[in-house]
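Reading through the structure tokens given below for one structure.
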Amino acid sequence: MTTQIIRSLRRVTATPIPTASLALTTQYTPTISPPFLCRRMSTSPFRTELPVVEAPPLTTEPSSPAYLNDVRLPRAVQAVYLRPLRREATYDVPACDLQLRSYSIRNLEFFSDFALRAAYYLNLPAYGPVPLPRILERWTVPKAHFIHKKSQENFERKTHRRLIQIKDGHPETVEIWLAFLQKHAYYGIGMKANVWNYEGLGLGATMEKRAMDMKGDLDQRWALLGLEKGKISAEEAIEAINRESSRAQFGGKTPRLPDTE
Amino acid sequence: MSMFRAKKLDLGCFVNARVIRDHTKRKVFAEHEAERQALRYIIRNMELPARTRAQAQLELSQMHCYTRSTQISNRCTEGGKGRGVLRDFKMTRFNFRLNALKGLIPGVKKGIW
């Protein structure tokens with residue numbers, strides 16, 4: 001008896017979690033829903049765990065159709081009704097900045113939400129969406145097709161932007177994330193990503209080594225540039241221009257230059 | 001010029017003589033751009049002999065006027081007009097207004113502020 005009471009008390013106090021009945025019956029007014037409502041209800045923006053709610057006692061037989069109403073939805077499905085989950089960054093090293101642009105806020109909000117969820121399931125710590133200043137463009141045109149300059153009309157286009165930052169992500173995972181977003185690209189949304197790659201320690205030494213390795217090739221290239229006077233003569237330049245390979249670059253249409261006398 | 005013009009119509013937008021002419025000029029310019037730049041480089045290169053540079057000058061001035069970038073001018077894709085074309089939409093102001101009011105241009109609305 002006492003346990004029954006405690007259970008019912010818990011059910012009252014705990015955050016209501018949608019059950020299958022929510023999804024199945026249409027007359028039922030949802031107590032939870034659209035993500036916008038839940039946003040206000042949740043307390044911490046960086047919650048990484050779902051609230052654990054004890055399953056309500058089953059009052060019906062598993063075989064009866066009413067049983068379906070008591071079944072708790074899977075956690076992943078419950079999460080859809082809540083704010084997107086996030087991973088915490090340990091080192092705060094920026095890995096990727098994704099900028100989303102759109103003319104419609106609704107689509108933008110939806111897709112940035114989707115991007116955050118995708119990042120969570122890829123184990124990427126994502127921050128945002130940061131609302132960047134919107135871009136406002138305006139055009140003023142005469143209303144008439146001919147003269148009557150005094151009556152004009154204004155048109156405008158607002159581009160809304162959101163920034164999602166990934167921190168501590170492995171470059172490969174970040175690429176997978178970006179590819180996933182591109183695969184499921186939403187209509188009317190543009191994406192732009194800045195990706196950072198990091199080198200290991202001792203970069204100076206490796207760069208030096210790389211430079212030394214390339215020195216032979218580079219010297220050949222530098223020699224062609226003719227930056228240093230006296231290194232290349234006019235005859236050599238004309239010979240280079242007349243060379244078949246360079247002529248082929250211009251479709252072989254330029255006339256052969258005559259040799260200098 | 002007829003020698004540059006495509007034998008078959010290769011345009012999908014509004015077409016009239018001036019639109020076709022401008023389109024032809026664009027194609028010819030793109031085709032000869034590298035050549036023009038090469039000649040310009042030779043002309044400006046002080047290390048090359050004067051004779052070569054003078055010849056390149058001659059060569060450049062003798063190229064067809066269609067190969068010049070200045071021959072290209074923006075035209076309206078809806079009506080072929082040459083004036084009052086909005087660069088952002090490749091349309092004249094009036095066509096832009098009609099399309100914007102119909103809601104055919106993404107994101108463009110009547111400006112109210």
Can you compute the FRET efficiency between B:D10 and B:K102 using 1/(1 + (r/R0)^6), with r the Cβ-Cβ distance and R0 = 25 Å? Round to the nearest 0.05. 0.35
Residues of type lysines that B:K102 reaches as a straight line, Cα spacing below 26 Å, ignoring anything fewer than 8 places off in the same chain: A:K143, A:K149, A:K150, A:K158, B:K81, B:K90, B:K110
Simple label model, 7 Å out from Cα along Cβ direction - B:W113 to B:M1, nm: 4.8
In debye, nearest 20, what is the charge dipole magnitude of the range B:16-113 about its Cα centre with +1 on Lys and Arg Cβ and -1 on Asp and Glu Cβ, if you could check? 600
The computed P(r) of the range A:61-130 puts the percent of Cα pairs beyond 20 Å at 47
Based on the mean of other Cβ atoms within 10 Å per residue, sort peptides A:165-178, A:76-89 so the most packed one is first. A:165-178, A:76-89
Translational D in µm²/s for the range A:94-195 (Stokes-Einstein at 37 °C, 0.692 mPa s, Kirkwood Rh from C-alpha pairs): 216
Relative to the present Cα-Cα distance, how much length would full extension add between A:D92 and A:E199 at 0.36 nm per residue of separation? 36.9 nm
The Cα radius of gyration of the range B:14-73, divided by 2.2 N^0.38 Å with N its residue count, comes to 1.38
Would you mind getting the Kirkwood hydrodynamic radius of chain B from its Cα pairs, rounded to one decimal in Å? 16.9
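We did not get these values from a lab; they are worked out from the coordinates using the rules stated. On a predicted model such as this, the values are computed, not experimentally measured, just so you know. Virtual Cβ from ideal backbone geometry, glycine too; neighbours counted across all protein chains shown.
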